[in-house]
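Participant: Have a look at this one.
The values are calculated or read from the model by the stated rules, or taken from the named source; none is laboratory data. Keep in mind it's a predicted model, so treat the numbers as computed, not measured. Reconstructed Cβ throughout: ideal geometry from the backbone, glycine too, with neighbour counts over all protein chains shown.
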Amino acid sequence: MTLSSNKLNRVRQLLEQQGLDAAVFTSTANFAWLTGGDSHVGLASDTGPSAALVTRDRVVVLCDNIEAPRIAAEETGDLGVEMCIYPWWEGLSEERIRDIAGSDRWLADIPMTGRPAIEALMYPLRAALDDSEVETYRELGLVTGLALEEAAQSVEIGQSEHEVAAELARGLLKRGATPTVLLIAADERISRFRHPIPTSKRVERMCMLVAGARMKGLICSATRIVHFGKLPQALEEKHRAVCTVDAALLAHTVPGETAGDAMKAGIAAYTAAGYPDEWTLHHQGGPTGYRPREFRATAESIQVIAPEQAFAWNPSITGTKSEDTVLAREPAPLVLTVSMEWPVISAGPPGARFERPDILAK
């Protein structure tokens, strides 16, 4: 395995455009994007103890003496890059960066002592995925879908949300994915909270499971809902409506359109379904990849959708939700987070219909 020359070229073009001699990538997202390696230690941190420095002709991985053995053995050892190892008590100093870069004209992806961050310029570089990233994403999507399906099918009346979350985390971890988001809502908490972190509340009639999962830096997001007994008609109608909104968003998740185009279609679908204000109660998602969402799309988003770009839309109508991670393709996006034996709804207008996850009735 070698570093992607395409990615290095993108970074070096950025250096040229910005009049820089080097860029330092300290976030776990950018480190993974550039090297394919995982630099995180704490799951709650966006930065890791390892960084990658790119100049016009060098790539240097900088890490402290604690992390160096693992990074070299498991993340970057076969990439053919230089390594700079420093004592953990010294940290990654600007002086060290300057010495390696051979210049003071460098920026990092996080602010450092009065220097602006270049993170705002990274989104276009990360947008279009290459073949190896697509292969990883397809594996992660299958893992995420299977873990959600397995955990949802095992939900029992009387289980606590914490217990459901534990099963979902177990399903991800045993398949090689790292949980980044675990949201579980039982019964009325589905309607009360858009981001229901797990509690001790026990399942009585229904449960919503939301997973965020990471593999080699890439992130998948998906939601599934379980209901015990016959679905109430009102809930069934709401879920069909939210699937119609999801289908409208997906129909416009194709290369060449903008995130704003998709959002406008989604908002129109909410109105046509009889729920004109629901989109205002929660963000609708947007492009994903090495971050849970690169940004939250709005009707004003002008960013053009790239081929093989990952998106995760999450439309919701109070009490229900639809969410999967997809790749933008012609003529229609590819759904990654597939649950193999999950009931589906065919939603959307003729010629633009999509199979969306139904509510599993048990």
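Participant: Within the stretch 339-356, which residues are closer than 16 Å to Ala248 by Cβ and either touching a residue at least 60 places away in the same chain (Cβ under 8 Å) or assigned to a loop (DSSP other than H, G, I, E, B) (or both)?
Facilitator: Let us first name the residues in the stretch 339-356 that are closer than 16 Å to Ala248 by Cβ, namely 345-356.
Those that are closer than 16 Å to Ala248 by Cβ and either touching a residue at least 60 places away in the same chain (Cβ under 8 Å) or assigned to a loop (DSSP other than H, G, I, E, B) (or both): Ile345, Ala347, Gly348, Pro349, Pro350, Gly351, Ala352, Arg353, Phe354, Arg356.
Participant: Related question: Return the pair list, or none, for Cβ contacts closer than 7 Å from residues in the stretch 87-103 that are closer than 11 Å to Cys63 by Cα to residues that are of a type outside the set (Ser, Thr, Tyr), at least 6 apart or on different chains.
Facilitator: So the pair list comes out as Pro87/Asp64; Pro87/Asn65; Trp88/Asp64; Trp88/Asn65; Trp88/Ile66; Leu92/Ala51; Leu92/Leu62.
Participant: Answer yes or no as to whether Ser27 is under 20 Å from Gly289 (Cβ atoms), in contact (Cβ under 8 Å) with a residue 24 or more places away in the chain, touching an Asp or Glu at 6+ places or on another chain (Cβ under 6 Å) and hydroxyl-bearing (Ser, Thr, Tyr). If you could, list the steps in order and put the result at the bottom.
Facilitator: Numbers: under 20 Å from Gly289 (Cβ atoms): yes; in contact (Cβ under 8 Å) with a residue 24 or more places away in the chain: yes; touching an Asp or Glu at 6+ places or on another chain (Cβ under 6 Å): yes; hydroxyl-bearing (Ser, Thr, Tyr): yes.
Yes: the conditions hold for Ser27.
Participant: Further question on the same structure: Checking Ser45 against (1) part of a loop (DSSP other than H, G, I, E, B); (2) surrounded by 15 or more Cβ atoms within 10 Å (Cβ to Cβ); (3) free of Cβ contacts under 8 Å to residues at least 40 places away in the same chain: exactly one of these is not met. Which one?
Facilitator: Result: Ser45 fails condition (2) only.
Participant: Report yes if some residue within the stretch 63-73 is under 26 Å from the mean Cα position of the chain (by Cα), in a loop (DSSP other than H, G, I, E, B) and within 25 Å of Leu218 (Cα to Cα); otherwise report no.
Facilitator: yes
Participant: If you don't mind, there's one more thing I want to ask. Tell me, yes or no, whether the stretch 80-93 has at least one residue that is more than 24 Å from Glu294 (Cβ to Cβ), modelled with pLDDT under 95 and touching a Ser or Thr at 6+ places or on another chain (Cβ under 7 Å).
Facilitator: Yes, because at least one residue in the stretch 80-93 is more than 24 Å from Glu294 (Cβ to Cβ), modelled with pLDDT under 95 and touching a Ser or Thr at 6+ places or on another chain (Cβ under 7 Å).
Participant: How about the stretch 213-251: which of its residues are surrounded by fewer than 23 Cβ atoms within 10 Å (Cβ to Cβ), within 19 Å of the chain's Cα centre (by Cα) and assigned to a loop (DSSP other than H, G, I, E, B)?
Facilitator: Residue satisfying the conditions is Lys216 alone.
Participant: Which ones in the stretch 297-337 are among the hydroxyl-bearing types (Ser, Thr, Tyr), farther than 27 Å from Ala234 by Cβ and surrounded by fewer than 17 Cβ atoms within 10 Å (Cβ to Cβ)?
Facilitator: Passing the criteria: only Thr298.
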